[in-house]
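Notes follow once the structure below has been shown.
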Amino acid sequence: GAVVSQHPSWVICKSGTSVKIECRSLDFQATTMFWYRQFPKQSLMLMATSNEGSKATYEQGVEKDKFLINHASLTLSTLTVTSAHPEDSSFYICSARRAGNQPQHFGDGTRLSIL
Amino acid sequence: GEDVEQSLFLSVREGDSSVINCTYTDSSSTYLYWYKQEPGAGLQLLTYIFSNMDMKQDQRLTVLLNKKDKHLSLRIADTQTGDSAIYFCAESGGGSQGNLIFGKGTKLSVKP
């Protein structure tokens with residue numbers, strides 16, 4: 001298999017709080033991990049791509065100081081939403097991919113609600 | 001730029017076949033994918049096809065690729081109520097990181 005675990009699955013917190021989301025590949029080494037954001041009834045929007053040991057590559061319009069990504073090992077990447085505000089409320093999904101041109105495998109997503 | 005288009009809704013009766021269609025623009029895509037998303041969940045990889053293939057079958061799923069027309073379809077045989085979900089077509093983008101370009105998703109509703 002190719003299992004990706006994402007934690008937590010649901011977060012509700014007050015405005016101004018920083019929230020960390022973890023993405024783990026459980027049974028394979030993920031050279032590359034991706035972070036997506038999905039608005040209700042819409043497709044996935046790629047936020048950033050991270051390779052283990054390197055700085056993440058952010059898509060245009062995504063604030064790197066707002067969405068901090070760390071990919072410290074071949075099985076773990078984290079997304080920290082710093083000083084979250086209500087407009088950051090969304091469904092965040094990570095995916096992981098082995099080396100080479102392999103399919104991406106997705107986590108179950110994190111629903112973030114900022115009050 | 002790269003773009004993936006698919007119809008937004010499809011409704012079928014239980015036991016019928018479902019066909020979800022997708023068109024894409026990047027002729028250099030190496031792989032094309034179908035993902036399934038159930039409510040409140042992440043994406044589940046259903047199947048994928050290499051760009052030099054015309055067809056791939058996996059149990060109830062059949063993928064057809066017309067590379068000339070840049071058209072991809074997913075056929076689900078004997079559709080069940082558990083197949084109700086949103087199905088995303090995706091192509092591997094041309095970037096060096098191999099990021100995916102997703103369509104907006106087709107919501108499949110299966111009626112008993």
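Here the accessible area of the protein assembly as shown is 49 percent carbon and sulfur, with a 1.4 angstrom probe and all protein chains present. Neighbours of B:Arg13 by Cβ distance under 15 Å: Lys/Arg scored +1, Asp/Glu scored -1, total -3.
Please report the net charge: other residues with Cβ closer than 10 Å to the Cβ of B:Cys89, K and R +1, D and E -1. Present the calculation step by step, with values, prior to reporting the outcome.
On the way: positive: B:Lys104; negative: B:Glu5, B:Glu91.
Result for the neighbourhood of B:Cys89: -1.
In chain A, the inverse of the mean reciprocal separation of distinct Cα atoms equals 14.0 Å; this is its Kirkwood hydrodynamic radius.
DSSP beta bridges fully contained in the protein assembly as shown are about 90 percent antiparallel.
I'd like the Kirkwood hydrodynamic radius of chain B, using the inverse of the mean 1/r over distinct C-alpha pairs, in Å. Let's see the in-between values first.
Numbers: mean 1/r = 0.0711 Å⁻¹.
About 14.1 Å for chain B.
Shielding value for A:41-52 is 4, the average number of Cβ atoms from other chains within 10 Å of each residue's Cβ. Listed cross-link partners A:Lys64/B:Lys67; B:Lys68/B:Lys111; A:Lys64/B:Lys70; A:Lys66/B:Lys67; B:Lys36/B:Lys70; A:Lys41/B:Lys70 are compared with a 32 Å cut-off, the Cα-Cα value being larger for A:Lys64/B:Lys67; B:Lys68/B:Lys111; A:Lys64/B:Lys70; A:Lys66/B:Lys67. From the alpha carbon centroid of region B:34-112 to that of region A:35-65 is 22 Å. Of the trypsin sites (Lys or Arg not before Pro) found in region A:26-115, the ones in coil according to DSSP and having at most 10 other Cβ atoms within 10 Å of their Cβ are A:Lys41. Peptide packing for A:69-76, B:51-58 was compared via the average number of neighbouring C-beta atoms within 10 Å per residue; ordered from the highest value, the list is A:69-76, B:51-58. Largest GNM mean-square fluctuation across B:Gly40, B:Gly15, B:Gly82, computed for chain B with C-alpha springs under 10 Å, falls on B:Gly40.
Mean partner shielding of peptide B:38-46, defined as the number of other chain Cβ atoms within 10 Å of each residue Cβ, is 6. Computed on protein heavy atoms with a 1.4 Å probe, the accessible areas place A:Asp27, A:Asp88 in the order A:Asp27, A:Asp88, largest first. Close amide H pairs (under 5 Å, H built 1.01 Å from N) link B:Ser84 with B:Val110, residues at least 5 positions away or on another chain. Take each residue in B:56-62, count the other chain C-beta atoms within 10 Å of its C-beta, and the mean is 0. Note on A:Lys55: aspartates and glutamates with a C-alpha under 17 Å away, same-chain residues under 8 apart excluded, are A:Glu22, A:Glu63, A:Asp65.
So what is the diffusion coefficient of the protein assembly as shown in µm² per second by Stokes-Einstein at 37 °C and 0.692 mPa s, using a Kirkwood Rh over Cα pairs?
Working: Rh = 18.1 Å.
The diffusion coefficient I find is 181 µm²/s.
Please compute the per residue accessible area over region A:24-115 with all protein chains in place, 1.4 Å probe, rounded to a whole number of Å². Walk me through the numbers on the way to the answer.
Values: 4270 Å² over 92 residues.
Ligands and nucleic acids excluded, the figure is 46 Å² per residue.
Taking every DSSP beta bridge that has both ends in chain B, the antiparallel portion is near 90%.
Buried accessible surface for the B/A chain pair comes to about 1600 Å², total over both chains, computed with a 1.4 Å probe. Other residues whose C-beta falls under 12 angstrom from the C-beta of A:Thr82 contribute a net charge of 0, scoring Lys and Arg +1 and Asp and Glu -1.
The values are calculated or read from the model by the stated rules, or taken from the named source; none is laboratory data. Treat the numbers as computed from the prediction; the structure is a model and nothing was measured. Glycine gets a Cβ as well: all are built from the backbone with ideal geometry, and neighbour counts include every protein chain shown. Calculation scope for accessible area: heavy atoms of the full protein, side chains included, ligands and nucleic acids excluded. Shrake-Rupley method; radii C 1.70, N 1.55, O 1.52, S 1.80 Å.
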